[in-house]
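Below: the structure, in structure tokens.
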Amino acid sequence: MKFLLGWALKLSFFAAIALVMTGQIKVHLPEKIMGFEVPAQARAFTERGSQITDLASKTQSGFKQITDSFR
């Protein structure tokens, strides 16, 4: 049971990281966590993921307009 619980926790942790990296979950880091300052590079990295998601949705809507114009 301990073995299965350990693997379930590991897989859920990696799944959460994968969802954040692909932009399925939006993460906003505060400036301070538990009294420690979050590096600017880490905040920029998480914001970049949301910018990529926005760009992808704009691109999809643009392609949809183009395909609609061909009909």
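In degrees between 0 and 90, to the nearest 10, how far off the longest principal axis of the chain does helix 2-22 point, with axes built from Cα atoms?
With both axes taken from Cα atoms, the answer is about 30 degrees.
Which of the aspartates and glutamates could a cross-linker span from Lys26 if the Cα-Cα distance has to be under 14 Å and same-chain partners fewer than 8 positions apart are dropped?
Excluding near neighbours in sequence, the set is Glu47, Asp54.
Please state the relative contact order of the chain as a whole percent: Cα pairs under 8 Å, 6+ residues apart?
25
Enumerate the residues in segment 12-35 having an amide nitrogen under 17 Å from the point lying 7 Å beyond the Cα of Ala44 toward its Cβ.
Under cut-off, by backbone N: 29-31.
In nm², what is the average projected area of the convex hull enclosing the Cα atoms of the chain?
Mean projected area of the Cα convex hull: 7.9 nm².
Relative to the Cα centre, what is the charge dipole magnitude of the chain, using +1 at the beta carbon of each Lys and Arg, -1 at the beta carbon of each Asp and Glu, and rounding to the nearest 20 debye?
Magnitude of the dipole: close to 220 debye.
May I ask which residue of Val38, Ala56, Ser12 lies farthest towards the positive end of the charge dipole of segment 2-70, with charges of +1 (Lys, Arg) and -1 (Asp, Glu) on Cβ and the Cα centre as origin?
Ranked along the dipole, the leading option is Ser12.
Helix-only mean residue ellipticity at 222 nm, the chain, DSSP H runs n ≥ 4 weighted -39,500 (n - 2.57), per residue, nearest 500. What is it?
Result for the chain, helices only: -26000 deg cm²/dmol.
Every read-out reported here was derived from the displayed coordinates using simple, explicitly stated rules and does not represent laboratory data. Given the structure is predicted, the values throughout are model-derived calculations rather than measurements. Here the Cβ is made from the backbone with ideal geometry for all residues, glycine too, and neighbour counts use every protein chain on show.
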